[in-house]
Amino acid sequence: MVNQPTVHVVDDDPQVRESLNLFMRSVGFDTKVYDSAEAFLDAYEDAPGPPRCLVLDVRMPGLSGLGLQKRLVDRGIDVPTIIITGYGDVSMAVKAMGAGAIDFIEKPFSRQALLTRVQEAIDRDAARRRLQAQCADVNIRLDSLSHREREVMDLLVAGNSAKQIAAKLTIGEKTVAKHRARVFDKMRIDSVAALVHLVYSCDIAVPGLDLEPAWS
């Protein structure tokens, strides 16, 4: 299904794979199934495209669900993950959530409960992808700033007034105003508040500010 959200299912049980494949397709998702973590790693491409999520069995022969999560982290791959677990695997599922999974569901599970969590995971990935695309555009705008404009921008974000910026850069306040106007124009914003929002949303490095990415 072109441009449909994709649910990746990794489970060594063929009946679970087939059941989830048919169910997810019946509600409009594209579905890709794998019988092992290794098969998923061999086939998965972390590329731009429709939002996606991973439905992952925690206990499998070979590489476990926890092992797969670690490999994804090591490769810098961020895909929302829902753990499905059999009886006795709850402690492993809790560890998986500690490693970044968004939820775990015990077998046998309600299809509706799983569908609800899958939709939440897809929505989360869609929001992350939108933000990443927006921030890629913001970084292009940043690159268009001159060195002096970037200095003014950083000082504005750090809470400095025009008078303070002028003193720190040893330039006149009118010159600060001109640079500020060019920053606003190039960054396509109309206020310092909007500029600060861009900085925090896109994890833009500004001296003196310690930011966390909005999609972490």
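Values quoted throughout were computed directly from the atomic coordinates according to the rules given, and no laboratory measurement underlies them. No experiment lies behind these values; they were computed from the predicted model shown. Note: ideal-geometry Cβ built from the backbone for every residue, glycine included; neighbour counts use all protein chains shown.
The phi-based Karplus calculation (6.51 cos²θ - 1.76 cosθ + 1.60; θ = phi - 60°) puts the 3J(HN,Hα) values of the stretch 130-135 at 4, 5, 4, 5, 5, 6 Hz, whole numbers, x for Gly and Pro. By the Cβ rule of 4.7 Å, the chain holds the following cysteines without a possible disulfide partner: C53.
List the residues, sorted by chain then number, that are 5 or more residues from D103 or on another chain and whose placed amide H is less than 5 Å from its amide H. Amide H to amide H, under 5 Å and 5 or more residues apart or across chains, D103 pairs with I83. Over every Cα atom in the chain, the radius of gyration and the widest Cα-Cα span, Dmax, amount to 23.0, 73 Å. Projecting the Cα atoms of P61, F184, S201 onto the charge dipole of the chain (Cβ charges, centred on the Cα centre) puts F184 farthest toward the positive pole.
Rounded to the nearest 500 deg cm²/dmol, what is the calculated helix-only ellipticity per residue at 222 nm for the chain, with -39500 (n - 2.57) per DSSP H run of length n ≥ 4?
Working: 9 runs with 116 residues, N = 216.
So the helix-based figure for the chain works out to -17000 deg cm²/dmol.
Take each peptide in 111-121, 165-175, count the other Cβ atoms within 10 Å of every residue, and average; sorted highest first, the result is 111-121, 165-175. With no solvent and one point on each alpha carbon, what is the Debye value of log10 I(q)/I(0) for the stretch 6-129 at q = 0.12, 0.21 Å⁻¹? With no solvent term, the Cα-only Debye profile gives -0.37, -1.32.
For the stretch 91-96, the Karplus equation 6.51 cos²θ - 1.76 cosθ + 1.60, evaluated at θ = phi - 60°, returns couplings of 5, 5, 5, 4, 4, 5 Hz by residue, with Gly and Pro reported as x.
This model, with +1 at the C-beta of Lys and Arg and -1 at the C-beta of Asp and Glu, gives the stretch 44-119 a dipole about its Cα centre of some 120 debye.
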